[in-house]
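Here's the structure, in structure tokens; my notes come after.
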Amino acid sequence: MSRGDDESIYPLEPWALHETRLDLGVLAQSESLFALSNGHIGMRGNLDEGEPHGLPGTYLNSVYELRPLPYAEAGYGYPESGQTVINVTNGKLLRLLVDDEPFDVRYGRLRHHERTLDFRSGTLTREAEWVSPANTAVRIHSERIVSLTQRSVAAIRYRVEALDTPLRVVVQSELVTNEALPTLGKDPRTAAVLESPLECEDHVADDAGAVWCTGPATAVCGWRRPCGTWCPGSRPVSRAPPPTTSAASRWRRGCSPASGWNWSSCSATKNKKITK
């Protein structure tokens, strides 16, 4: 991407990082730019719907894999082991279906898309206008934060507005563990991609939220919907492992219910390494 293109997508602002349109060619870089962290929990700036992505990532301080680094011939100062940060359970996924069409920026028509990271408030906001392949238009607005007072808490507010005609929507929130990660290369000094480093020990889901417990070093991730945030006429439609809760409703033009979602309590019981 040229310097001129960079300036047009990211205009200079004193207290915010603003993206005026979505460029899938630099998606991985933008995920790094829009990442949120409070020193304990960190989330890459992935899209709410999860795909497409450059590198999915949700991280906890002190949760990592310790692996040996073998050498054909040992030498002085060669490290005996390496450390790899583990991508823990992803709780920021919010999948949207509009009249049974999944919201995906690669399909249909993306009329408008912008993201803003406010350095004063620490919030990441996103607004998009999307026309589905079935020619149904919606506006999506989301806000994402990580708490600076309760270090294990993150929150997402997600709103959908019908623009043209009445429509039926399904909003699905998920907890996903052991996401597939891209290969970073064959150099052993770089971070290694670990296949399924976490094992499910327990999970539970109900109409208001879900909890996912993983090991071997216990990390508990859960999200809960605040009371009264389903829009009028909506109803839970499914729950299945991995913890997933969906809500479906029919909205008329101009209806913009505020559906809030909290994702919280993602923390390890002990600050120790995870080994296979």
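The values are calculated or read from the model by the stated rules, or taken from the named source; none is laboratory data. The model shown is predicted, which means the values in this text are computed figures rather than measured ones. No Cβ is skipped: glycine too gets one built from the backbone with ideal geometry, and neighbour counts run over all protein chains shown.
So the values come out like this:
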{"item": "Answer from Asp104, Asp118, Asp100 - the residue that is more than 15 Å from the chain's Cα centre (by Cα) and within 24 Å of Val131 (Cβ to Cβ)", "result": "Asp100"}
{"item": "Within segment 169-182, tally of residues that are at negative phi and assigned to a loop (DSSP other than H, G, I, E, B)", "result": "5"}
{"item": "Only listed residue being small (Gly, Ala, Ser), surrounded by 19 or more Cβ atoms within 10 Å (Cβ to Cβ), at pLDDT 65 or above and over 27 Å from Leu33 (Cβ atoms), chosen from Ala134, Ala205", "result": "Ala205"}
{"item": "Selection count, segment 48-88, where residues are of a type in the set (S, T, N, Q) and at pLDDT 85 or above", "result": "3"}
{"item": "Residues of segment 6-32 satisfying the condition of being part of a loop (DSSP other than H, G, I, E, B) and free of Cβ contacts under 8 Å to residues at least 40 places away in the same chain", "result": "Tyr10, Pro11, Leu12, Glu13, Pro14, Asp23"}
{"item": "Per-region count, segment 88-124, residues among the hydroxyl-bearing types (Ser, Thr, Tyr) and within 18 Å of Leu24 (Cα to Cα)", "result": "2"}
